[in-house]
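The block underneath contains the structure these notes are about, expressed in structure tokens.
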Ligand SMILES: Cc1cc2nc3c(=O)[nH]c(=O)nc-3n(C[C@H](O)[C@H](O)[C@H](O)COP(=O)(O)OP(=O)(O)OC[C@H]3O[C@@H](n4cnc5c(N)ncnc54)[C@H](O)[C@@H]3O)c2cc1C
Ligand code: SF4
């Protein structure tokens, strides 16, 4: 039954640690709402006949249903509904851009239901109450599956296949499990103990994790082929886009991922050869996206003197316009928690040259505008500026997967460098090899990686069942 919470209650966000305090460390800084407040927030859900939120969630999370369970104080039911579609709500509840909230019907004329935070609190309550326990499943099959890469796609795929009774081994080239959850996304958005807590459960449920195992370097594709009944490649898409300008070879210019990986490793006391410091420096971040925002938060925590973020595109509108009518995702002006912590932002600006002797000292920029007819940017006259800069971080996106094996193994890539795999069954050009997540679709989101991991596991299951039937004939 619909409870008219949307009339009674306004949206309430969890409180955040004050900026000066949170900048002293790299930890998460968002509190949890009280149970009563969370129930009121769930009561704001209107239980719409057509829940647009549900169809905007790539996982198809059953949002009105878990809201209703929270509202009834039935935490176990809310948890069970949530994990029926999402293997790792503790990740999405923290870092999903929540396209669901952009399509919430309440969002037409007021703040949408705070779906992402409700998701986070349901799973945290489930851990607290002991609902999230390893369930040892009997191995129903003697089929062996290798999952290459332990980001959210690999973990979701391995989890689903393990639950289906297969013998699953995850190969990971890095020191620890988690992919970009571990070494890309900063601790202040996702503390690594949250990943450790989940990996421990997956291990206890029988998944075999092997770290420092790079396929193509430590183990060949041929060996995987001979030892496993199916192989899933979930190797991400982390080759960064570069910017080729005069002065690019000056020191003090780095890729965002190197900077963020280094800080994540330092936080986790993992040895790193990378040494990039923002302390007392004028930092310029090229790229107005989420990776850029993560660089701002990390630079401020390291004690930067100033931080400036530059973006090619014009400043987004404050409100939806005709190009993003409800229930579409609203690409409106956003201020992330990292922006709030202190930085300048400029839009419609293009870097032209990096200036300095050994180290970068200035970025030469020019203001630009968009020519709708020619569909290209053009520079504005007399708009050149020299911006002081001792550390420049390039955060303009990712090009393609870093493949440690080449095409002699007949695993074809698409023209954009991603692994070519069928959109429906995730099969690559090589028999019994599958691919999902960023390595198939290009750099995307955690929620999409989990979705593809789940769907790919289903496809592997169908493939192995069919093989079994053919063998039994
Ligand atoms: C800085 C940053 C911030 C981000 N913030 C967000 C966010 O806030 N919200 C969000 O939804 N998304 C965010 N993303 C995107 C998100 O992290 C990715 O879309 C997601 O992690 C993709 O998952 P995946 O499993 O496909 O790949 P990945 O997470 O990249 O995992 C791939 C794994 O494969 C391993 N691997 C690669 N090659 C081999 C090999 N040959 N052998 C063995 N292992 C191998 C890698 O070491 C890695 O562990 C962010 C990305 C970055 C870089
Ligand atoms: S996973 Fe993301 S889109 Fe789906 S319900 Fe959670 S916050 Fe919304």
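Figures for the structure shown
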| read-out | value |
| --- | --- |
| Count of residues meeting criterion [part of a helix (DSSP H, G or I), within 14 Å of residue 62 (Cα to Cα) and within 16 Å of ligand 1 (Cβ to nearest atom)] in the range 75-91 | 1 |
| Enumeration of residues in the range 299-322 that are under 22 Å from the mean Cα position of the chain (by Cα) and farther than 30 Å from residue 371 by Cα | 299, 300, 301 |
| Every residue from the range 140-156 that is more than 9 Å from ligand 1 (Cβ to nearest atom) and closer than 18 Å to residue 437 by Cα | 145, 146, 147 |
| Any chance residue 440 is more than 15 Å from residue 155 (Cα to Cα) and buried (at least 24 other Cβ atoms within 10 Å of the Cβ) | yes |
| Which listed residue, of 277, 338, 331, 293, is out of contact with any strand residue (DSSP E or B) (no Cβ under 6 Å at 6 or more places or on another chain), surrounded by fewer than 19 Cβ atoms within 10 Å (Cβ to Cβ) and within 30 Å of residue 15 (Cβ to Cβ) | 331 |
| Some residue of the range 440-452 being more than 12 Å from ligand 1 (Cβ to nearest atom) and at pLDDT 95 or above | no |
| Test: residue in the range 173-183 that is surrounded by fewer than 16 Cβ atoms within 10 Å (Cβ to Cβ) and free of Cβ contacts under 8 Å to residues at least 24 places away in the same chain | no |
| Residue in the range 92-110 that is within 16 Å of ligand 1 (Cβ to nearest atom), surrounded by 20 or more Cβ atoms within 10 Å (Cβ to Cβ) and not in a helix (DSSP H, G or I) present | yes |
| Test: residue in the range 163-170 that is within 16 Å of ligand 1 (Cβ to nearest atom) and either in a loop (DSSP other than H, G, I, E, B) or under 30 Å from residue 263 (Cα atoms) (or both) | yes |
| Any hit, the range 402-424, residues being touching a strand residue (DSSP E or B) at 6+ places or on another chain (Cβ under 9 Å), in the same structural domain as residue 298 (by TED's automatic domain parsing) and at positive phi | no |
| Candidates 25, 13, filtered to the one that is within 23 Å of the chain's Cα centre (by Cα), more than 14 Å from ligand 2 (Cβ to nearest atom) and under 23 Å from residue 331 (Cβ atoms) | 13 |
| Strands (runs of 3 or more DSSP E) contained entirely in the range 279-377, each with at least 3 residues that are within 30 Å of residue 27 (Cα to Cα) | 282-286, 306-311, 344-347 |
| Of all residues in the range 370-380 being free of Cβ contacts under 8 Å to residues at least 24 places away in the same chain and more than 21 Å from residue 355 (Cβ to Cβ), the one that is surrounded by the fewest Cβ atoms within 10 Å (Cβ to Cβ) | 373 |
| Members of the range 49-70 found to be more than 16 Å from ligand 1 (Cβ to nearest atom) and buried (at least 23 other Cβ atoms within 10 Å of the Cβ), listed by number | 53, 63, 66, 67, 70 |
| Single condition residue 114 does not satisfy, out of (1) more than 30 Å from residue 439 (Cα to Cα); (2) more than 15 Å from ligand 2 (Cβ to nearest atom) | (2) |
| Flag for residue 53 being assigned to a loop (DSSP other than H, G, I, E, B) and within 16 Å of ligand 2 (Cβ to nearest atom) | no |
| Test: residue in the range 258-270 that is in contact (Cβ under 8 Å) with a residue 40 or more places away in the chain and in contact with a strand residue (DSSP E or B) (Cβ under 7 Å, 6 or more places away or on another chain) | yes |
| Restricting the range 58-101 to residues that are without any contact (Cβ under 8 Å) to a residue 40 or more places away in the chain, touching a helix residue (DSSP H, G or I) at 6+ places or on another chain (Cβ under 6 Å) and within 20 Å of residue 3 (Cβ to Cβ), the residue that is nearest to ligand 2 (Cβ to nearest atom) | 62 |
| Residue identified as farther than 27 Å from residue 469 by Cα, touching a helix residue (DSSP H, G or I) at 6+ places or on another chain (Cβ under 7 Å), within 16 Å of ligand 1 (Cβ to nearest atom) and not assigned by TED's automatic domain parsing to the domain that holds residue 202 among 176, 189, 120 | 120 |
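Residue by residue, here is whether (1) away from ligand 2 (no atom under 16 Å from the Cβ); (2) buried (at least 17 other Cβ atoms within 10 Å of the Cβ); (3) not in a helix (DSSP H, G or I) holds:
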residue: 434; (1), (2), (3): yes, yes, yes
residue: 444; (1), (2), (3): no, yes, yes
residue: 452; (1), (2), (3): no, yes, no
residue: 457; (1), (2), (3): yes, yes, no
residue: 465; (1), (2), (3): yes, no, no
residue: 470; (1), (2), (3): yes, no, no
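The values are calculated or read from the model by the stated rules, or taken from the named source; none is laboratory data. Being a predicted model, the structure only gives us computed values, none of them experimental. Glycine gets a Cβ as well: all are built from the backbone with ideal geometry, and neighbour counts include every protein chain shown.
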